[in-house]
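A.B. asks: Mind having a look at this structure? Questions to follow.
The values are calculated or read from the model by the stated rules, or taken from the named source; none is laboratory data. What you see is a predicted model, and the numbers here were worked out from it, not measured in a lab. In this analysis, Cβ positions are derived from the backbone assuming ideal geometry, glycine residues included, and neighbour counts consider all displayed protein chains. Protein only, heavy atoms only, side chains kept; ligands, DNA and RNA dropped before computing areas. Shrake-Rupley method; radii C 1.70, N 1.55, O 1.52, S 1.80 Å.
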Amino acid sequence: MAVENYDVVIIGAGPVGLCLSTCLSRWGYKIKHIDNRPEPTATGRADGIQPRSLDLLRNMGLKRQIMAHEPAKVYEVAFWDPSSKGGIVQTGTWASCPKFIDARYPFTTLLHQGLIERVFIEDIEKNGNTVQRPWTITGFKNDGKDATHPVEVNLAHVDGTHSETVRAKYLFSGEGARSFVRDQLGVKIRYKDPIAHVWGVMDGVVRTNFPDIKMKCTIHSDAGSIMIIPREDNMVRLYIQVASSTDKDWDPRKQATAEEVQEKAKAILKPYEITWDRIEWFSVYPIGQGIAEKYTLDERIFMGGDACHTHSPKAGQGMNTAFLDAVNLAWKIHHVESGWAPRSSLSTYESERQMIAETLLDFDARYAKLFSTRIPSAGEVAGASAASTEAEENEFIKTFKASCEFTSGFGVAYNPNSINWSSEHPAQHPLLLQYEKGTKLRTGRIMIPATVTRVVDANVVHLEQEIPLNGSYRVYIFGGALGQTATALKDLASHMSAPTSFFSNFLYKDIDATDRYHEKHNPHTSFLSLAIIINAPRAKIHIDEQLPRILARYADHVYADDVWDLRVPDAKAAAHAKVGLDEEKGGVVVVRPDGYVSAVVKLEEGSGTADALNKYFGAVTGKSLGGERASL
């Protein structure tokens, strides 16, 4: 019997596996995706979607389906601490995503993991793939017997009645903390701290006179600690510390019944009362802060999500980190397989995502310590909420600010590498701009949000959302004021049309034979999506008259920078100002397919802007780019 070949075999249908499968299915890859559970998650597990992840889901076109389940939204966190009179008292509240973070959705969305999984599964099936259940992996090896599909994977039904051997270009483990693939590879989990806490988690419908039951709360009392998280369908999640390493009878394998956890919750909440109408889900588990020493050994077999990092549930980061693992790897595999990047670029998956996991674990330890050993006063809470800008801030406010940026997802910062430009990057040109030297953008950080007016239909839109997660680099041409930049834009377009430019080199092979009239995002190439932002009122912009033909083809992505923004109140072109580009002279911002800035270039007359882009994309793709002037 012939062995079937796949592009990618994915093990595990939790958040990381499903997100990876969704991206690659959309981009046309043949996926073998298995999970050892007979059904998607029925209850419990991860539930928090942070603001940055909501941006990502919107960019994937999945946010609306998730919000249709009417999830709970957490705008503020309430803190309750021991009262001098006995019981507990609220010591303050602060914003879940404070105003100093420029977020479209300044709240955490709470919805049980199974509903989120189903949204991904429907999209996967719509794009021709499926999750095969209940199947498991029994073996694998990168034997190279087939140069194109070098990985052999052995699969079996969990009841042992059927088995199958397939070959793949890549194998991905999204199996969770007990990863068979990781164990077989011999990759160790490095625990930053020994297990220090055992937590009980309980989802249910409650009756209580506790006033903040609809808020996210962290509660300390003489009877212990508890975290309250509101959920969909009138449910509440309680995280309750069952045991601690400071206990005299400390046992990291300690268990507790639902009734015992309920009694502990009642003691912690005194003088308030709480009873349960029903319990939806209950689990007890130890928390260890661990990270895999490697995410891949050969850049053919990869791991992500909980297979690579474990941490406490306090900050609600597990599913969000998994999404970003998946998207980071998905676009890099796509570019390698499309011939747009050298295979060596896959090494940046581990270096980028492992560093973020390290940061997460360090933060998780600080976060737990912040809640466990330091009770903030109401005055400090108020100071943090107001985002005080006084020169001397106390350590608590500094920690809070840093942690809020991280927990919201906007604090993710990738270091310079072969993709994220820096002064040490192989591509060097005088027009490539550094942070605070011509731009406010930092490579490796998320694109700053901006609101603009789409010229063709006068819709006011979010610029960073206009190009979807389509696997393409996003090139934002900030055109400044056309009175000053018309020649520079014409020169850029002319040099882009040179046969070996960063643009022309990646044109569709059937560019002249296939009708792409209705293609908004990728009319010329799947490698790039272009957007042009002009410093002028919408009524003053005439696309076909004022823009070179090659840019005018992106009419659906031409925007007027004419919407006032509170964060740059004096700017006439807020989008230009927010990214730190000259409002009159503009510039070019290159953003990776996953939404992170990778390079910023000055816009000038002549060939310089195109030369700088050719150098950058030449280094990223491993191709020799740049050449004689031509017209498309």
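A.B. asks: How would you classify the chain from its alpha-carbon gyration tensor, with a ≥ b ≥ c the square roots of the eigenvalues: rounded for a/c under 1.5, else prolate if a/b is greater than b/c, otherwise oblate?
C.D. replies: Here the chain falls in the oblate category.
A.B. asks: Quantify, in whole percent, the carbon and sulfur part of the accessible surface of region 148-221 (1.4 Å probe; protein heavy atoms only).
C.D. replies: 49
A.B. asks: When the accessible area of region 445-621 is split by element with a 1.4 Å probe, what percent falls to carbon and sulfur?
C.D. replies: On region 445-621, the fraction of accessible area on carbon and sulfur atoms equals 48 percent.
A.B. asks: Now for a separate question. First select every other residue whose beta carbon is under 13 angstrom from the beta carbon of residue 275; then total the charges, Lys and Arg +1, Asp and Glu -1.
C.D. replies: So the environment of residue 275 carries a net charge of -1.
A.B. asks: Roughly how far apart, in whole Å, are the Cα centres of region 50-96 and region 1-46?
C.D. replies: About 30 Å separates the Cα centre of region 50-96 from the one of region 1-46.
A.B. asks: Take every DSSP beta bridge whose two residues both sit in region 445-621, then give the antiparallel share in percent to the nearest 5.
C.D. replies: Bridges in region 445-621 are about 65 percent antiparallel.
A.B. asks: With a 1.4 Å probe and every protein chain kept in, tell me what percent of the accessible surface of region 237-347 is carbon plus sulfur.
C.D. replies: Answer for region 237-347 is 47 percent, counting heavy atoms of protein chains only.
A.B. asks: Mind ordering 292-299, 247-254, 277-284 by average Cβ neighbours within 10 Å, highest first?
C.D. replies: Highest to lowest by the protection proxy: 292-299, 277-284, 247-254.
A.B. asks: Okay, moving on. Send over a whole-number figure in Å² for the accessible area per residue of the chain, probe 1.4 Å.
C.D. replies: 41
A.B. asks: 222 nm [θ] for the chain, helices only, -39500 (n - 2.57) per DSSP H run of 4+, per residue, to 500?
C.D. replies: Using -39500 (n - 2.57) per qualifying helix, the result is -8000 deg cm²/dmol.
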